[in-house]
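Please read the structure below before turning to the comments.
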Amino acid sequence: MTHEPHLPSLAHADKRPEHKRELCVLLVDDQHSVCDACSQAINVLGYRPLTAGSAAEALDVMDQQQVDIVIADIETGIGGTEMLQELKRRNRRVQVALMTPAASVSTALEALHSGVSGYIVKPFTTEEVRVLTRRLAQSLTVNEDRPYHRTLDVRYQCARMVGQSQAMRQVFKTIEKVSRSRAPVLILGETGTGKDLAARAIHETGTLRDRPFVPVDCGALAPTLIESELFGHIRGAFTGAVQNKVGLLESAKDGTVFLDEVGELPVELQSRLLRTIQEKELRPVGGTQRVRFAARIIAATNRNLKEAVAKGTFRKDLYFRLNVVSMTLPPLRERRIDIPLLIEQTLLRLAQSEAAMRGHAPWLLSSEVLDRLLTYEWPGNVRELENCLERAVTMASGPLIEMKDLPSTLQPSARPLMDSPQAVIPLDEMERQAIERAMESTGGDKLMAARLLGIGKTTLYRKLSKYQQGG
């Protein structure tokens, strides 16, 4: 089935100043119903849809119009290497995505390292089409400084959060809703799932975006200084307090305080934090005058706070005060459909970083590497994936990332902690392997490695020192 391309007047298009030109999206499918549904979704975004019934028609359209995005059914053959090269010859900056039935997803994934920017699985919803189109348009703004950002939905740009899985779409919806208020938000999720990015997204898409955003890593603050860091102190409050100091809570003013890993706060400070939130004022250490506290609170933790409340290590009243609205970020292993998007986003970011540039951007993934990244369990979640890719582009000898460029934990020869159900490994050796893997997964970040392992920082430092001494 073929149909005539829907083309606007060329004369009309030529009269438009370049900075006013609409984003053009070419839909390629031999089913009119699919093209019509996608066209309606794209119209809502303010973009201009064009349609074609085959790859040949698509090329004809591109000869007559400047097309920015191509979304094509995989059966048209546009996902093939030669066809992609032909599209790029007509427009080197065009973004291409594939529509594929579930049975052909593996083929679509293989095409990702040949120039395809994304895919969508049939049957899909119009919202999924809009999400995909927004993401492709965002790639255009990354590659070239063009004004398309005016029509992008900020939910899918802010703080580098991307995802087309149902779980992440729910996260985006929650962020959109809570950003409109000042209600406390509790963000839950495993280490590395992006809780800090979600907090920034809430702040940056809301009414407080022009006000301070103050992150507080409760797990990294020294126990002896944590009270002073949070609440500030006056001169002479304790030995070494030679001048007044404004605490992190006060420095947020009427913006946002992000209490990362709030479950690490000592119990004795939890009551003081609760009082500050309830009374909307705080008192610096050693001071008698109270200071107004007007900041919004966003908290996050990888701990089960309900269990902590039951054990008495976290105050029930503080838990309820923080948990006005809660959202849980899914682990990466439960949203594998988002891995190609995260790979693309991370490689684009690295390509913009002078520190990462080696003259070989954009990087491509071998089919073996792509398969490994898609099937790996990612215990460190998105942070581990980003660290893995940063290492890979650093170690790659050219534009193609191969298996040898991946961390040892992802190598096929990497020995698991237990080679078989019957294998017996000394506990010390299992511990050493677990620590080595955590350190590599977090890029050497000892604090994050300790959290991943579920042990204290001091314990990790002691064990690392023992291994370095050959113990």
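Subtracting the Cα-Cα distance of Ala167 and Thr224 from their residue separation scaled by 0.36 nm leaves 16.6 nm.
Full extension of the chain between Glu436 and Arg92 yields a length gain of 119.5 nm, computed as 0.36 nm times the residue separation minus the alpha carbon distance.
Would you kindly calculate the mean projected area, averaged across all directions, of the convex hull enclosing the Cα atoms of region 28-94, in square nanometres? Don't skip to the end; give the middle numbers.
Values: hull surface 16.9 nm².
Computed as one quarter of the Cα hull surface, the answer is 4.2 nm².
Once you have the Cα-Cα distance between Asp428 and Arg336, take 0.36 nm times their residue separation minus that, and quote the gain in nm to one decimal.
Numbers: separation 92, 0.36 × 92 = 33.12 nm, distance 3.30 nm.
Fully extending the segment from Asp428 to Arg336 adds 29.8 nm.
Can you give me the % of accessible surface on region 199-308 that is carbon or sulfur? Probe 1.4 Å, all protein chains present, nothing else counted.
45
Hey, what's region 203-320 come to in accessible area per residue, 1.4 Å probe, Å²? All intermediate terms of the calculation are to be shown ahead of the outcome.
Details: 6070 Å² over 118 residues.
Accessible area per residue, region 203-320: 51 Å².
Residues whose amide H falls under 5 Å from that of Val70, counting only those 5 or more places apart or on a different chain, are Leu26, Gln95, Val96, Ala97, with hydrogens built in the peptide plane. The label point for Thr81 and the one for Thr375, both projected 7 Å from the Cα toward the Cβ, are 2.2 nm apart.
Can you tell me the convex hull volume per residue for region 207-361, based on C-alpha atoms, in Å³ to the nearest whole number? Please list the in-between numbers first.
Values: hull volume 28.1 nm³, N = 155.
Convex hull of Cα atoms, per residue: 181 Å³.
Amide H contacts under 5 Å for Glu281: Phe293, restricted to partners 5 or more places along the chain or on a different chain, H placed in the peptide plane at 1.01 Å from N. For region 308-317, the Karplus equation 6.51 cos²θ - 1.76 cosθ + 1.60, evaluated at θ = phi - 60°, returns couplings of 5, 5, 5, 7, x, 9, 9, 5, 5, 5 Hz by residue, with Gly and Pro reported as x.
A cut-off of 5 Å between modelled amide H atoms, ignoring neighbours fewer than 5 places along the same chain, links Gly79 with no other residue.
3J(HN,Hα) along region 43-58: 4, 4, 6, x, 8, 9, x, 10, 10, 8, x, 7, 5, 4, 5, 4 Hz, from the Karplus curve 6.51 cos²θ - 1.76 cosθ + 1.60 with θ = phi - 60°, whole Hz, x for Gly and Pro.
Which FRET efficiency value, to the nearest 0.05, is calculated for Glu368 and Thr288 with the Förster distance at 56 angstrom and r the Cβ-Cβ distance? About 0.25, to the nearest 0.05. The alpha carbon radius of gyration of region 233-289, expressed as a multiple of 2.2 N^0.38 Å, is 1.21. Computed from backbone phi with θ = phi - 60° and the Karplus coefficients 6.51, -1.76 and 1.60, the 3J(HN,Hα) list for region 397-412 is 8, x, x, 9, 8, 10, 4, 5, 8, 7, x, 4, 5, 9, 6, x Hz; x is used for glycine and proline.
The values are calculated or read from the model by the stated rules, or taken from the named source; none is laboratory data. Quick caveat, the model's predicted, so the values are computed rather than measured. Here Cβ is always computed from backbone atoms with ideal geometry, including for glycine, and neighbour counts include all displayed protein chains. For the accessible areas, the whole protein counts, side chains as well, though only heavy atoms, and no ligand, DNA or RNA atoms are used. Shrake-Rupley method; radii C 1.70, N 1.55, O 1.52, S 1.80 Å.
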